[in-house]
Structures are given as C-alpha cells and as structure tokens.
Amino acid sequence: MKRDRFIFSDEMLAELHHILTFWNEKLFDEKGGFFGEVNSNNITNKEAGRGAILNARILWTYSAAYNYTREKLYLQMADHAFDYLSNYFIDKKNGGVFWELNCKGEPINTRKQGYAQAFAIYGLSEYYRITGNETSLSLAQEIFHAIENHLYHWKDGGYIEALDESWKPLSDWRLSEKDQNTPKSMNTHLHILEAYTNLYRCWKDETLKSKILELIYLFRDKILDKDRNHLQLFFDYDWSLLSQIDSYGHDIESGWLLCEAIEVIGAEELKKEFDEIALKLTNATWKEGSDIDGSIFNEKKGEELDTDKHWWPQAEAIVGYTNAWQISKDERYLNQAERVWDYVLSNMIDKQNGEWFSKIDKDGNIDANEPKASFWKCPYHNSRAMLEMVKRLQ
C-alpha cells in the first residue's frame, strides 16, 4: 500500500463527514423528511417525488453514522428521517411501505415492492440500535411478517418482487424501467438478506434466523453461477434463468454481505465455504469487471461490456476487496481496494460541491444528466463503504 492503513482509515472517515454534509445542506426539508432530488448542478428540486428507497437509506445512513461517530447532528437527522418514514411511508391500513410519495407526503405509487420493504427494515432496525425506540423495532418486525406472509413464494422458495397496495398480484414486477420484468431477482433477495441480517442484530428470533439461512442457501444453490463465479440476475417463479447479465458491483457486494450474514447469525459451519465463494466472486470482478486503473465497470450483457463507472460499484469494490484481504491475508486485495479509492478521489468525488458523481464514462467524462441525489442516488453505498473501511482498517 502507498498509505499507512490508519491514514487510509482517516481519509474514509473524513469523506463520510463530507458526504453527510452534502445531504444535511441540500436535502434536509425542515417541514419534514428530505427533498427528492438534487441535479448535477447541485440545484435542489423541492417538488420531486420522494421514494421509499431514498428515505429508508437516509434513515439507515444517519443511524449507522451516529452509531459509530456519536455526532449529535447525525442523531437529529436520523430522528427526522424516522419521523417522516413512520408517519408517511408506512401503510397503516395494509402494512408495509408505499413505493413513492409526492413532495407533500401523499402516496402516488402505492405498490408493495419487496426491495422497498427490505430497506425499510434495514433503516428501522439500525435506528432501533441507536435509540432503543420500540416503535421502530415493532415496525421492522411488522414489515418482516408482511414480507413472509405476502411475498414469500411457498412453492419454490424465495420472494416475489412486488404486489399491489393490498398485496394482490401485479403483472409488472420491475424495480425500474431498466430492469427485466420477472417475478424474482437477485437484487431483491440480496437486500432482503441484508435487511434481515440487520434486524437479527436486535431481534434474536429463530424464525428470522431460519429465513436468513434459507436466503444464504438460495444464493449458493439458485443464484450463484458456480462455473463462472457470477450472480445470475433475473428468474421465473421456479428459478429458471431469464437473463444473461453480469453485474460487477452486485457480485463483489454480495460476497461481503454473505460473509456478514453468516457472522451475525453465528453459522460458523458455513464460514469456510462462503469465504471461498466471496473470494471467487471478488476475483471474477477483478479479472473481468475492472479497468486498468482499478475502477469497476457497470455490467456485461451477453458479450456487450458497459464500461461506464457508476458510483456505487466503486464503493462496494473498496469493501469487497478489503473483505477478501481479511479472509485471505493477501495484501494484493488491500492494494486493489486502495486503487479503487484513488480512482474515486481523483474522478468521482465532487470536491467543490460535495457527494459523488453518479456516472463517469471510460474516458473520465461526467454524465451531466445524472442527478447527485435522487430516487436511487442515495447516501448509502458510499457512506456505508466509508464506515465499513474505518472499522475494518483499525
């Protein structure tokens, strides 16, 4: 490494504060919640819709940041996020969280997307960890039961992508227009696993533990392509594969999240097997999905490589390579994490205005059409990477 590990850690902690300063200053709505969008010119759109993903991730981010730093401002922001999520996003009639509200806090898309339910659990459980707020834990538990009662697929296992407001079937399951319209996806299962793992930290329920184990086995037996060491993305009800896409950010993210889940539930008998899976996923990303400067490409569809650099795979690669170093003790992984960080420092961080640019092409050109904050551009991947690195390097 070019840096001492403690210097590396200090840089990460400083960037965490820089990221959260942007969100404090540009997104905070004193009337409640957070504005829904900031464009590439750092202009806040106060009329933009407000997504469940954005608000749940904000709740998780400020709660996790306070959990580590004990900065009072972060607790205040977490309180603000919790109040808005619990008062406006929770469907008090049917349970679960709405997909999107307008800027006045009125539901405009009431579908029950499994992905959004997962992030609500993730944020609510982290908030409970810092406050002991029983309402927060109770809401997280209620959403867990709603997922299991409505979205769990009893015939073939796993979870259906989405249902309507009253948990009735839909014909369009997609997270976004960019996704394939299929009843099951890797992405939703990864974030249900992540959410359940965090909930288990504060609720040692045996049914919850069994569901985490089931998800771990699903990744091994249904989602992982063992021959190629990539995750498969889109599936039919019976787990028939419906896509030919490699998503490098998800591959490397899933490696460390699977290791985390196994550690949290104490499944020591699985540790060696999934450490090896994490290394294989990381190695495939390094070999096939990284540029000469260490940065991570977006994805590969069939034989077509998308060489754009999105912000979130860079964040996940920093953690994923470091996790591989911790497993293997091979310093080359930590060196590669540092190379990705150097790319982020030189290219992805907006040093003048704060936050990270959403997308940069292979030649280093910033995509001015992509917002700095939006329905999907949240302070979660990069803030979490900074927090993970600070803890892992010390």
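May I ask you to give the solvent-accessible area per residue for the chain, in square angstrom, as obtained with a 1.4 angstrom probe?
Details: 15890 Å² over 394 residues.
With the other protein chains kept in place, the chain gives 40 Å² per residue.
With a ≥ b ≥ c taken as the square roots of the eigenvalues of the C-alpha gyration tensor of the stretch 222-299, please select rounded if a/c is under 1.5 and otherwise prolate if a/b is larger than b/c or oblate if it is not? Kindly include the intermediate steps, with their values, before the conclusion.
Values: a/c = 2.21, a/b = 1.15, b/c = 1.92.
The shape class here is oblate.
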- Task: With a cut-off of at most 15 other beta carbons within 10 Å, and DSSP calling the residue loop, which GluC sites (Glu not before Pro) in the stretch 216-313 qualify? Please list them.
- Result: GLU303
- Labelled set [x] 21.8; [y] 23.4; [z] 17.8; mean projected area of the Cα convex hull in nm² computed from this model equals the value at [z]
- Item | Around PHE274: net Lys/Arg minus Asp/Glu count, Cβ-Cβ under 12 Å | -3
- Message: Using DSSP to call loops (not H, G, I, E or B), can you name the trypsin sites (Lys or Arg not before Pro) in the stretch 179-211 whose Cβ has at most 13 other Cβ atoms within 10 angstrom?
- Response: LYS204
- Summarise the accessible area of the stretch 81-132 (1.4 Å probe, protein heavy atoms) by the percent that is carbon and sulfur. 40
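Leaving out ligands, DNA and RNA, and with a 1.4 Å probe, what % of the accessible surface on the stretch 1-79 is carbon or sulfur? Please report the intermediate quantities before stating the final value.
Details: 1690 of 3540 Å².
Taking all protein chains in place, the stretch 1-79 shows 48 percent carbon and sulfur surface.
Mind checking the stretch 59-163 for chymotrypsin sites (Phe, Trp or Tyr not before Pro) that DSSP puts in a loop (not H, G, I, E or B) and that have at most 15 other Cβ atoms within 10 Å? Before the final figure, lay out the partial values.
Numbers: sites: TRP60, TYR62, TYR66, TYR68, TYR74, PHE82, TYR84, TYR88, PHE89, PHE98, TRP99, TYR115, PHE119, TYR122, TYR127, TYR128, PHE144, TYR152, TRP154, TYR159; in loops: PHE98, TRP99, TRP154.
Answer in residue order: TRP154.
Given R₀ = 22 Å, FRET efficiency for GLU25-GLU134 by Cβ-Cβ distance, to 0.05?
Working: r = 32 Å, r/R0 = 1.46.
In this case the efficiency is close to 0.10.
To the nearest 20 debye, what charge dipole does the chain have about its Cα centre, counting +1 at the Cβ of each Lys and Arg and -1 at the Cβ of each Asp and Glu?
Numbers: 47 positive and 65 negative charges, 133 e Å.
The dipole of the chain has a size of about 640 debye.
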- Task: In whole angstrom, note down how far apart the Cα centers of the stretch 103-182 and the stretch 306-355 are.
- Result: 30
- Restricting to Cα pairs under 8 Å and 6 or more apart, the percent relative contact order of the chain works out to 19
- Can you give the FRET efficiency for ASP291 and ASP179, using 1/(1 + (r/R0)^6), R0 = 25 Å, r = Cβ-Cβ distance, to the nearest 0.05? 0.50
- Add -39500 (n - 2.57) for each DSSP H run of 4 or more in the chain, then divide by its residues: what number comes out at 222 nm, to the nearest 500 deg cm²/dmol? -16500 deg cm²/dmol
- Query: From the residues TRP203, ASN382, ILE7, which one has its Cα farthest along the dipole of the chain in the positive direction, the dipole being from +1 and -1 charges on Cβ of Lys/Arg and Asp/Glu about the Cα centre?
  - Reply: TRP203
- Message: Counting only pairs 8 or more residues apart or on different chains, how many lysine pairs in the stretch 267-389 have their Cα atoms under 18 Å apart?
- Response: 25
- Query: Once label points are set 7 Å from the Cα along Cα→Cβ at both ILE366 and GLU276, what is their separation, rounded to one decimal in nm?
  - Reply: 4.6
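The values are calculated or read from the model by the stated rules, or taken from the named source; none is laboratory data. Keep in mind it's a predicted model, so treat the numbers as computed, not measured. As a convention, Cβ positions derive from the backbone with ideal geometry for all residues, glycine included, and neighbour counts pool all protein chains shown. Keep in mind that these areas ignore ligands, DNA and RNA; they rest on the heavy atoms of the full protein, side chains included. Shrake-Rupley method; radii C 1.70, N 1.55, O 1.52, S 1.80 Å.
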